[in-house]
Structure formats: C-alpha cells, structure tokens
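K.L.:
Starting off with a structure, shown below.
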Amino acid sequence: MFAELLRGGARKVVGIDGSRALLDRALARIGADERLTAARDDGRIELALGDVRTVRHPHRFRLAILAGVLAHLDGPEDAVRAFAAARRLLQPKGRLIVDTIGPNGLPAHDLPLSIDWERALGDRRVVRRSRLVRAEAPEGLRVEYSTLTDVIEADGTISRLPAGFRLWYPSPTALIGLANEAELEVEAAFGSHDLDPLDDRSERCIVVLRPAARDRASGLDLGES
C-alpha cells in the first residue's frame, strides 16, 4: 500500500500498528524495495507502534485508512474511539476510508474442528486444524476462531501449538451509525474494490467518511498529503 499511496501523490505516509512483529515485517518489505527504501530515508514513510483507538500525530492528513482493523476491535465502543482518533488526524477536507468484510463475505455457519492443511517440513509433518464459532449480536457478528497446529517429529513426538482470537464484524448500518457518533459522515459506500454498490451480496464493505460539517467549517488546514 505504501507504494500505491506514494505513486498517488502522497508526500508522507504513516503506518501505525499495535504489533511490533508486524511493523518489523513492514520494515523488511520496505528494505527489500529500492524505491520504498529511498522514500523512508527521505522521511516520506514513517512506521509507528500505536493503538488505533488512541493514536495521535503532530500532522494532519488528507487521507486515513482503516483496512482490516475493525474486525480486531472489541466492539462498538472501541470502534467509536478508533473513528474519533482517525477524525482528529484528518484535515478539515480529509477523508477516512474504512474497509472491512461485507455481508456476503461473512461465514454463514459454524465450522467444526477440521484439518485445514497438512504438509511435510523435512523429517517433520505439520497438521493444522481450525474451528469457527459464530454469535449474532445487535452490534454485529462475533466470531471465535481457534487453531491447533501439531508438529509431528520423525520419532512420533507431537508438539501442539494452540492459538485463538475473536473477531467482530459490524453490519454496514451499524458501522455508519458508529461513525456518526464519532462526528463523521458518509460520503460514499462501496461493495468491492472495483467500486460496486454496497448491498447484501457485497463481499466487501468500504465506506468513505469525512468530518462532520461543523468540523470542516471551523478547522484549520494544517496537514500532510
């Protein structure tokens, strides 16, 4: 995404994540690309460890993007906080793009524990199983996803690595309502990256938001592009 934003004319791109490991992966990818490395060295790319619900920055920006973020928040209160934090980063005429899974991309039913894949790694065999449990709630769909990864040594010894996380997917209507609570208003909504209309058949839910009218009228244009 860094390259696309820079090609689109951004003077500075700031990437924020709460995971140091993911930031390190981003740094490695930047370091493997000559143009991105040059942009980083020129100060046009900045990576920061932070929480999307409380993030702050000295500059104001024309564009902020929350892609694949909402699902990892704990629910409506966290979403409002994240939207409000993003709004504070925007210039008065800035835009926030929220990109999450659409109604037709969500799991339609629970998935019992079953094998995802099995492969050989040298003398070892690795088997991964996963399970998915859905829970409909007024604020959206909650999903519990768990995995069991077994590493089987040549002598039959098994090491089991469990993992799990919870996901939350607000409906498009709920998402827009939460954005309104954070003093953002909808400019456009799409159901795909090809800008198809958003409806019940959409695989994606992409909403373009802008600061509420009173913020646009009273703000100062201070930020980066």
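The values are calculated or read from the model by the stated rules, or taken from the named source; none is laboratory data. None of these values were measured; they are calculated from a predicted model. Note that we place each Cβ from the backbone using ideal geometry, even for glycine, and neighbour counts take in every protein chain shown. Note: accessible area is taken over every heavy atom of the protein model, side chains too, but ligands, DNA and RNA are not part of it. Shrake-Rupley method; radii C 1.70, N 1.55, O 1.52, S 1.80 Å.
K.L.:
Could you sort SER202, SER159 by their accessible area in this structure, using a 1.4 Å probe and putting the largest first?
P.N.:
From most accessible down to least: SER159, SER202.
K.L.:
Two decimals, Cα atoms only, Kirkwood Rh: what is Rg/Rh over the chain?
P.N.:
1.03
K.L.:
Also, quick follow-up: Rolling a 1.4 Å sphere over the protein heavy atoms, what is the accessible area per residue of the range 121-216, to the nearest Å²?
P.N.:
I get 58 Å² per residue for this part.
K.L.:
Let me know the charge dipole size of the chain about its Cα centre in debye, to the nearest 20, where only the beta-carbon of Lys, Arg (+1) and Asp, Glu (-1) is charged.
P.N.:
So the dipole magnitude of the chain works out to roughly 580 debye.
K.L.:
Whole number in Å², please: accessible area per residue of the range 17-77, 1.4 Å probe, ligands, DNA and RNA not counted.
P.N.:
It amounts to 65 Å² per residue over the range 17-77.
K.L.:
Alpha carbons only, please: Rg and Dmax for the range 1-74, in angstrom.
P.N.:
12.6, 38
K.L.:
Could you tell me the accessible area of THR149 in Å² (1.4 Å probe, neighbours in place), rounded to the nearest ten?
P.N.:
30 Å²
K.L.:
Quick one: compute the contact order of the range 62-134, relative version, from alpha carbon pairs under 8 angstrom and 6+ residues apart, as a percent.
P.N.:
Once normalised by length, the contact order is 30 percent.
K.L.:
Please compute the net charge surrounding ASP116, taking Lys and Arg as +1 and Asp and Glu as -1 over other residues with Cβ under 12 Å from its Cβ.
P.N.:
+2
K.L.:
Determine how many Å³ per residue the convex hull of the Cα atoms of the range 96-193 encloses.
P.N.:
Looking at the range 96-193, the number lands at 136 Å³ per residue.
K.L.:
Remind me, relative contact order of the chain in percent, using alpha carbon pairs under 8 angstrom and six or more residues apart?
P.N.:
22 percent
K.L.:
Now a separate question. Using the Cα centre of the chain as origin and beta-carbon charges of +1 (Lys, Arg) and -1 (Asp, Glu), tell me which of GLY43, VAL80, SER159 is placed farthest towards the positive end of the dipole.
P.N.:
So the residue furthest toward the plus end is GLY43.
K.L.:
So how do ASP155, ASP99 rank on accessible area, 1.4 Å probe, biggest first, that is with the largest at the start? All intermediate terms of the calculation are to be shown ahead of the outcome.
P.N.:
Values: ASP155 120, ASP99 20 Å².
Ranking ASP155, ASP99 by accessible area, largest first, yields ASP155, ASP99.
K.L.:
Ok, one more. Using a 1.4 Å probe on the protein chains only, how many percent of the accessible area of the chain belongs to carbon and sulfur?
P.N.:
Result for the chain: 51 percent of the exposed heavy-atom area is carbon or sulfur.
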